[in-house]
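The values are calculated or read from the model by the stated rules, or taken from the named source; none is laboratory data. Only a predicted model underlies this, so the values are computations on that prediction, with no experimental measurement involved. Methodologically, a virtual Cβ is constructed for each residue, glycine included, from the backbone with ideal geometry; neighbour enumeration extends over all protein chains shown. Ligands, DNA and RNA are excluded from the accessible area calculation, which covers all protein heavy atoms including side chains. Shrake-Rupley method; radii C 1.70, N 1.55, O 1.52, S 1.80 Å.
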Amino acid sequence: MQNLAESPLTTEQYAEQHYPELSYETTFAKALVSHLSQLGIRQSFGIIGGAIGVVYDALEQSQIEVHHYRHETGAAFAAAEAHFATDEPTLVFTTTGPGILNVLTGITAAKWDGAKVLLISGSTSAPQRGRWATQETSSYTLPQDTLYSAGPIFDFAIRVEHPAEFPEVIRRLSLGMSRPGGFVAHISLPISVQSARVELPKPRRSTIIAAPSIAKHDVEACADRLKESPFAVWLGFGARKATPAIRMLVERSGAKVFCSPRAKGIVPEDDPNFVGVTGLGGHESVNQFMVEHRPDWILVMGTRLGEATSFWDPELKPARGFIHVDIDPEVPGVAYPDVETLGIQAEIGAFLEALLPHFPEDGSARQADLFTTGPNIEPTPLDIAGKSPVRPQALMRAIQKHVVQGTDAIVMAECGNSFAWCNHHLCFRTPNRYRVSTLYGSMGHFAAGVVGAAQARRRKAVAVVGDGSMLMNSEISTAAQHGTPAVWIVLNDAAYGMCENGQQVLGLAASQLCFPEVDFVALARSMGADGIRVESEDMLDVAMRQAIEANGPFVVDVRIDPSEASPLMQRFESLLKQGSTNNVAGWEI
């Protein structure tokens, strides 16, 4: 047996390796980090501060990778995208006061997008509360319900007041991490608790949360409706893990398919059954299909059908109703309350497993091929070579050729004109290649998130972002420090382009939406990264090749033509319907 005195391991590590059946005493922070590793957390993101120093020390001594960022919001965005890149839960750490407030935007984005992310924050210890402690975080200084209770932001949240709470905290986290879908939690630790001694419990049997079972008669009711006449399938991001079964259903039934922007690739966008993308930057081909061949039933899976997916467009209503499958029973019927909806509470994969036997492999239940014209997924023909500045359509064509088709990189589209162009023009054949946050839509999400995805996968990730987002929250410095192969393709028009276009269409003030042009290549190089400036379309191929071949972080600064209107008219129409107008008499949209 190896002598403990000669071992390079700590006492805790030695005991865990050689005597796993025994419990031992350690600090709360080390015990927590050890259990988080057992729950599958491999990556952590954040910024150190005095009130989180003990946890940071425990992380640095653990098997969890630590990525120190430049801003807490960026760290949270990175953690969310690391989760989606690996399908593993991730950790964010932050200090008290400004640290915890800075992180909330990114954490909220993670919640809305359905990520599994745990936030650990520091908290002011009880004896110092109400006494103006530095960066005090207590009921005297910050709202408690928002930060320390389950609600709109957190599925589980607690400020631990005593080390004896450790087993229950771990149990709650284990339950949350094992359940289907997203889980965003917050554990706040006073400094005194972080360093308190606890007995590390013996490993316990993992808990698995099973999805609700599906009644046979419910599946039969769905099958009867779908087989009585041609139907369509409307897919969202939540259906991505059921991709094989979805493709099998489409093949056997001949159902036509449309999807939300986040669900691109679940069914290949060049598949004859694929009609188009709905929502932000979507395709007119979907509305054309609904006008010409409106199905009686639409099977909805993995989407809430919110504004960014449907715009609640009445043209997208089926003739009879929706069959809406979701793990959350409150989702079906919300988007279109006036349409008959058969809601099925189920995990999508399990539902399809039960449904597929009703659609035999021999194609005997296959519907007639009603719609053969595919979506407008290819860029508009570009007949002017070498145009300057660069038209967005030409940039999308270059990204499609060199990034989407030429690599296996994750492609991310920032909110604004960037995601409108990408949603409309980029074409994917597989899921999990494209990331866009249409629902929460925070600027800076992917300017920072691209670094987290590249770090977690240890492979290239590419973000298409606006110059406004790059100025708001980029983590180029973090990527340069670690040699992370992140790529930013910047649509540089020296303006908040989407906002400017929208204000003009709505007849509202649009002043001060332009700003001084930024040289993002010079900015990148000042932080240790590299880049190339693109001023004309004949430079695009060279720029894309350099970005793909770069070993470290790389910025492609594209001088974009702002006169090209992005495919966002439905968004502006939606704002008009909601009353966002001054005087638009005479406007025709």
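Under unit Cβ charges (Lys, Arg +1; Asp, Glu -1), what dipole magnitude, rounded to 20 debye, does region 36-178 have relative to its Cα centre? Computed charge dipole of region 36-178: roughly 220 debye. A simple spin-label model places pseudo-atoms 7 Å from Cα toward Cβ; at Y140 and A565 they are separated by 5.8 nm. Each Lys or Arg adds one and each Asp or Glu takes one away; over the other residues whose Cβ falls under 15 Å from the Cβ of S149, this sums to 0.
With all protein chains in place and ligands, DNA and RNA left out, the 1.4 Å accessible area ranks K460, K256, K401 as K401, K460, K256, largest first. Annotation: amide H-H contacts under 5 Å for Y434 (H modelled 1.01 Å from N, sequence separation of 5 or more, or interchain): V411.
If you take all other residues with their beta carbon under 11 Å from the beta carbon of D408, and give Lys and Arg +1 and Asp and Glu -1, the sum is +4. Note on L101: accessible area is roughly 90 Å² with a 1.4 Å probe, heavy atoms of protein only. Under the convention that each Lys and Arg Cβ holds +1 and each Asp and Glu Cβ holds -1, the size of the dipole of region 102-240 around its Cα centre is about 400 debye. When Rg and the Kirkwood Rh are both derived from Cα coordinates, the Rg/Rh ratio for region 27-120 amounts to 0.94. Classification of region 206-286 by its C-alpha gyration tensor yields an oblate form. The axis ratio a/c (a ≥ b ≥ c) is 1.5 or more, and b/c is at least a/b.
Listed by chain and number, the lysines whose alpha-carbon sits under 19 Å from that of K317, ignoring those within fewer than 8 places in the same chain, are K227, K256, K577. State whether region 133-280 is rounded, prolate or oblate according to the following rule on the C-alpha gyration tensor (a ≥ b ≥ c being the square roots of its eigenvalues): a/c under 1.5 gives rounded; otherwise a/b larger than b/c gives prolate, and the remaining case gives oblate. Prolate.
Shown are R391, R172, R525, R225, whose ranking by accessible area with a 1.4 Å probe and every protein chain present, most to least, is R525, R172, R225, R391.
I266 exposes around 0 Å² of accessible area when a 1.4 Å probe is run over every protein chain in place.
Under the convention that each Lys and Arg Cβ holds +1 and each Asp and Glu Cβ holds -1, the size of the dipole of region 220-314 around its Cα centre is about 380 debye.
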